[in-house]
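The values are calculated or read from the model by the stated rules, or taken from the named source; none is laboratory data. Source: prediction; values computed, not measured. In this analysis, Cβ positions are derived from the backbone assuming ideal geometry, glycine residues included, and neighbour counts consider all displayed protein chains.
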Amino acid sequence: MVAFAGFEWNPTCIRRVAKVYPTGSEVVEVVTDAGPGFAKFLGNKEGPHVLACEWIGTRLAALMGLPVFDHAIFEYDGVPEIELASGNTAQRGPAWITRREEGNAWSGEEEDLKLLINPEVLAGLVVLDTWTLNCDRHCPAIQPTRINRNNVFLSRRGQAEDSLTLLAMDHTHIFTCGRALTKKLAEIDRVKSDDIYGLFPEFRKWMKAPHMQAACERLAGISDHGIRQIVDAVPDAWLEDLSLRQVLERFLTGRRDFLAPDLTTRIFPQGELTL
């Protein structure tokens, strides 16, 4: 395997499989020459587009200044042979991998949020999820509301025992809830959807309007060129239809321009904006 250039963490081979998980993207816990991680392969039951979404969502999060898992794209050569949870065999080609972090999924308790050293990321996560229509954290567009606290990860990252770091993770279900990407993504009703994503009720106590304003300003500052670079870097094996890259760019730029000016005032009462 050859790691995708440009990341500080570059595993080059899988030494063994630790565990397979029956998730939508059929994640596999592996041990690599660079340490343990979680990999997603071609051949997963949801198809290659969820890998493209994972890449795009993670890089957009980083562009917004949100902390993310160390990650890489590497060329899986079929060794070792890996049977996924569905019984499918992982296919050769570019695979996605993140480095294992010490930490846990959010319990749902507000007390955990009190321990965050980066509570401003709560607002950033809501902006990111709303921008990308991420239905796999907190999604009011699905009834009953989809609530998935497993996708809120609290890392210890070498911090003191009584502090946690919130990471932006798992973006496989942005844009289309795990379905194949199509040209419908750039239609006006999706670009200008009013639904707010990622906003758990428990977040509200710890979110501040200035943090939301700052996240919206970062969103507004993301250039068309920056978006294009991220979309262009998706491996062809994950997104064979090149016309869909233009669709993704149109959606992301159009929705950025729709959300950034007034998302803060849609979430916070006017009186809270100066607090």
Does segment 51-74 contain at least one residue that is more than 20 Å from the chain's Cα centre (by Cα) and assigned to a strand (DSSP E or B)?
no
Sole exception among (1) surrounded by fewer than 23 Cβ atoms within 10 Å (Cβ to Cβ); (2) at pLDDT 95 or above; (3) under 16 Å from the mean Cα position of the chain (by Cα) for GLY178, by number
(2)
Taking segment 118-151 as the region of interest, how many residues are without any contact (Cβ under 8 Å) to a residue 60 or more places away in the chain and touching a Leu at 6+ places or on another chain (Cβ under 7 Å)?
2
Anything in segment 237-263 that is within 20 Å of the chain's Cα centre (by Cα) and assigned to a loop (DSSP other than H, G, I, E, B)? List them, or say none.
ALA237, TRP238, LEU239, ALA260
Can you find a residue in segment 98-119 that is crowded, with 16+ Cβ neighbours inside 10 Å, among the hydrophobic types (A, V, I, L, M, F, W, C) and over 13 Å from LEU164 (Cα atoms)?
no
Given the criterion touching a residue at least 24 places away in the same chain (Cβ under 8 Å), loosely packed, with under 14 Cβ neighbours inside 10 Å and not aliphatic (A, V, I, L, M), identify the matching residue among LYS192, LYS184.
LYS192
As an exercise: evaluate GLY47 against (1) within 21 Å of THR165 (Cβ to Cβ); (2) part of a loop (DSSP other than H, G, I, E, B) and give the number of the one condition it does not meet.
(1)
Please verify whether ALA214 is at pLDDT 95 or above, in a loop (DSSP other than H, G, I, E, B) and among the aliphatic types (A, V, I, L, M), treating the condition exactly as stated.
no
Given the condition of a type in the set (Ser, Thr, Tyr), loosely packed, with under 13 Cβ neighbours inside 10 Å and not in a helix (DSSP H, G or I), answer yes or no: does some residue in segment 221-234 qualify?
yes
Name the one entry in PRO80, PRO94 that is part of a strand (DSSP E or B) and either closer than 30 Å to HIS211 by Cα or over 15 Å from the mean Cα position of the chain (by Cα) (or both).
PRO94
For PRO201, all conditions in the list (1) more than 20 Å from VAL127 (Cβ to Cβ); (2) out of contact with any strand residue (DSSP E or B) (no Cβ under 7 Å at 6 or more places or on another chain) hold save one; what is the number of the exception?
(1)
